[in-house]
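To keep things clear, I will list the structure first and then write my remarks on it.
The values are calculated or read from the model by the stated rules, or taken from the named source; none is laboratory data. Remember, it's a predicted structure, so these values are computed and weren't measured experimentally. Here the Cβ is made from the backbone with ideal geometry for all residues, glycine too, and neighbour counts use every protein chain on show. For accessibility, only protein heavy atoms count, side chains too; no ligands or nucleic acids. Shrake-Rupley method; radii C 1.70, N 1.55, O 1.52, S 1.80 Å.
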Amino acid sequence: MLRVTIVGCGKIADQHVHAIRRIPDCGIVAVCDQEPLMAQQLAERFKIPGVFSNAQEMLKAVLPDVVHITTPPQSHYTLAKGCLEAGSHVYLEKPFTVTSQEAESLIELAEHKNIKITAGHNLQFTLEMLEMRRLMREGLVGGEPAHLESYFSYDLGDPTYAKGLLQDQNHWVRKLPGGLLHNIISHGVAKLAEFLDDDIPDIVAIAGQSPRLKSLDDEQILDELRVLLRDKTGRTGSFCFSTQLKGLNQLRLYGPEGSIVVDHISGTVVRNKYRPCKSYLTYFVPPLRAAREHLRNARINVTNFIRQRLHQDSGMKELIDRFYHSIRSGSPPPIPYREIILTARIMDEIFVQIYGGQRPQGRENTKETKRNVTAFDLPLSVVGHQP
């Protein structure tokens with residue numbers, strides 16, 4: 001049985017506990033938080049035996065096989081490094097690290113010690129993303145995608161997180177190089193990194209504030225981001241993050257023979273195979289095909305619900321399960337290391353462009369900027385997701 005521990009006992013830790021407990025042959029043996037009360041409360045809620053306030057003490061006392069790190073990103077590198085050096089495999093919540101240099105260092109250490117590490121990109125492993133990869137393997141779009149679009153919306157009205165961020169000038173999110181964006185956008189960027197080449201000579205990023213944020217006179221936080229990318233093969237991608245566009249969380253892939261739209265909000269995959277119609281049929285047949293696609297998705301979701309496969313955190317459970325399987329079997333980790341590093345590099349460049357490489361100190365640093373750059377001169381091997 002895999003002995004699992006969790007470092008960081010905030011809200012996200014509860015999701016990890018629920019997901020881990022749906023996976024066979026593993027058990028949570030201890031939790032740790034620098035605030036002892038947080039660790040004690042989590043342990044009591046889920047009847048976990050070990051409670052610690054120091055990660056190094058926990059590693060020595062428990063000798064865990066796997067450590068889940070769910071702390072703020074600024075502590076990810078130090079904590080993960082300590083766990084790897086102690087011989088524990090590491091599940092590191094998003095964003096993986098604060099910089100790409102830290103990401104590369106951790107992955108190099110993990111490979112040197114023959115230990116596995118993964119990033120908490122759980123949206124990569126939802127049922128709809130698994131279905132998308134199956135369709136791509138079957139060639140539905142006619143080969144590799146020529147263009148990708150990733151959309152991610154966020155509700156600043158969420159009382160459990162956003163209001164605290166807006167009201168607390170010392171909130172840890174404000175201290176990240178990319179602020180609010182830094183803590184969220186890796187989910188959307190990782191979807192692009194799966195299909196983009198490592199060499200991306202063109203990135204253009206613009207950022208600004210939504211009308212609501214402007215009305216609050218908070219000059220530090222940027223909550224609107226648009227990014228265009230083109231890799232050395234000519235494949236293009238775009239990423240949109242917004243607090244204005246409600247209920248939008250999608251990945252769209254376009255190829256020479258069709259397209260796929262993955263919608264995380266509804267848990268659906270819409271297929272669009274290019275099939276031309278004659279004359280006036282072009283006004284009737286495509287809408288009927290689209291209606292059939294939505295009915296198909298409704299039927300699939302009902303079936304998954306009846307079979308108890310449809311969970312709010314199904315992606316997290318799937319990712320953790322695959323990560324544990326890779327540990328037991330010695331197979332590659334579920335997220336290739338090249339994708340983790342590429343995601344971090346893209347984020348680095350975005351923040352350099354929109355913040356000038358510095359934390360914003362006033363309105364003059366939050367103006368929208370746009371710049372073409374040559375990026376990512378470090379080669380990486382290309383390894384796709386495991387089916």
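Can you find even one residue in the range 32-50 that is hydrophobic (A, V, I, L, M, F, W, C), more than 30 Å from R309 (Cβ to Cβ) and either in contact with a strand residue (DSSP E or B) (Cβ under 6 Å, 6 or more places away or on another chain) or in contact (Cβ under 8 Å) with a residue 60 or more places away in the chain (or both)? Yes, that holds for at least one residue. Within the range 35-54, the set of residues being closer than 13 Å to K11 by Cα and among the acidic types (D, E) is empty. Only a single item in (1) in contact (Cβ under 8 Å) with a residue 40 or more places away in the chain; (2) part of a helix (DSSP H, G or I); (3) loosely packed, with under 15 Cβ neighbours inside 10 Å is not met by G247, and it is number (2).
The residue of the range 65-79 that is nearest to L319 (Cα to Cα), among those that are free of Cβ contacts under 8 Å to residues at least 40 places away in the same chain and in contact with a Ser or Thr (Cβ under 8 Å, 6 or more places away or on another chain), is H76. Here the condition is being crowded, with 19+ Cβ neighbours inside 10 Å, closer than 23 Å to R133 by Cα and out of contact with any helix residue (DSSP H, G or I) (no Cβ under 7 Å at 6 or more places or on another chain); of L192, L213, L181, it holds for L192 alone. Selection of the range 250-261 for residues being open to solvent by less than 60 Å² (accessible area, probe 1.4 Å) and either farther than 25 Å from A193 by Cα or of a type outside the set (A, V, I, L, M, F, W, C) (or both) yields Q250, G255, G258, S259. Evaluate the following for T282: is it of a type in the set (S, T, N, Q), free of Cβ contacts under 8 Å to residues at least 12 places away in the same chain and in contact with a Pro (Cβ under 8 Å, 6 or more places away or on another chain)? Here the answer is yes, as T282 does meet what is asked. Of all the listed residues (L181, L166, L196, L192), the sole one being without any contact (Cβ under 8 Å) to a residue 60 or more places away in the chain and either in contact with a Leu (Cβ under 9 Å, 6 or more places away or on another chain) or farther than 17 Å from T71 by Cα (or both) is L166. Looking only at the range 98-116, decide whether some residue is under 27 Å from L251 (Cα atoms) and among the polar types (S, T, N, Q). Yes, because at least one residue in the range 98-116 is under 27 Å from L251 (Cα atoms) and among the polar types (S, T, N, Q). Contact annotation: residue pairs with Cβ atoms under 8 Å, 6 or more positions apart or on different chains, pairing a residue in the range 320-337 that is over 21 Å from R21 (Cα atoms) with a partner that is modelled with pLDDT of 95 or more and of a type in the set (D, E, K, R), are Y337/E111.
Rundown of residues vs (1) hydrophobic (A, V, I, L, M, F, W, C); (2) free of Cβ contacts under 8 Å to residues at least 24 places away in the same chain; (3) open to solvent by less than 40 Å² (accessible area, probe 1.4 Å); (4) touching a strand residue (DSSP E or B) at 6+ places or on another chain (Cβ under 9 Å), yes/no style:
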residue	(1), (2), (3), (4)
D217	no, yes, no, no
I221	yes, no, yes, no
V227	yes, no, yes, yes
R230	no, no, no, yes
T233	no, no, no, no
D263	no, no, yes, yes
N272	no, yes, no, yes
R289	no, yes, no, yes
R292	no, yes, no, no
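Here the condition is being buried (at least 16 other Cβ atoms within 10 Å of the Cβ), modelled with pLDDT under 55 and at negative phi; of P379, P360, it holds for P360 alone.
Considering only residues that are surrounded by fewer than 18 Cβ atoms within 10 Å (Cβ to Cβ) and assigned to a helix (DSSP H, G or I), which ones fall in the range 328-345? Those that are surrounded by fewer than 18 Cβ atoms within 10 Å (Cβ to Cβ) and assigned to a helix (DSSP H, G or I): R328, S329. Candidates R309, R299: the one that is farther than 18 Å from F125 by Cα and either of a type in the set (D, E, K, R) or open to solvent by less than 60 Å² (accessible area, probe 1.4 Å) (or both) is R299.
Would you tally the residues in the range 1-43 being open to solvent by less than 50 Å² (accessible area, probe 1.4 Å) and not in a helix (DSSP H, G or I)? Total satisfying the criteria: 17. All of D321, D348 fail the test of being in a helix (DSSP H, G or I), in contact with a helix residue (DSSP H, G or I) (Cβ under 8 Å, 6 or more places away or on another chain), of a type in the set (D, E, K, R) and farther than 26 Å from G143 by Cα, apart from D348.
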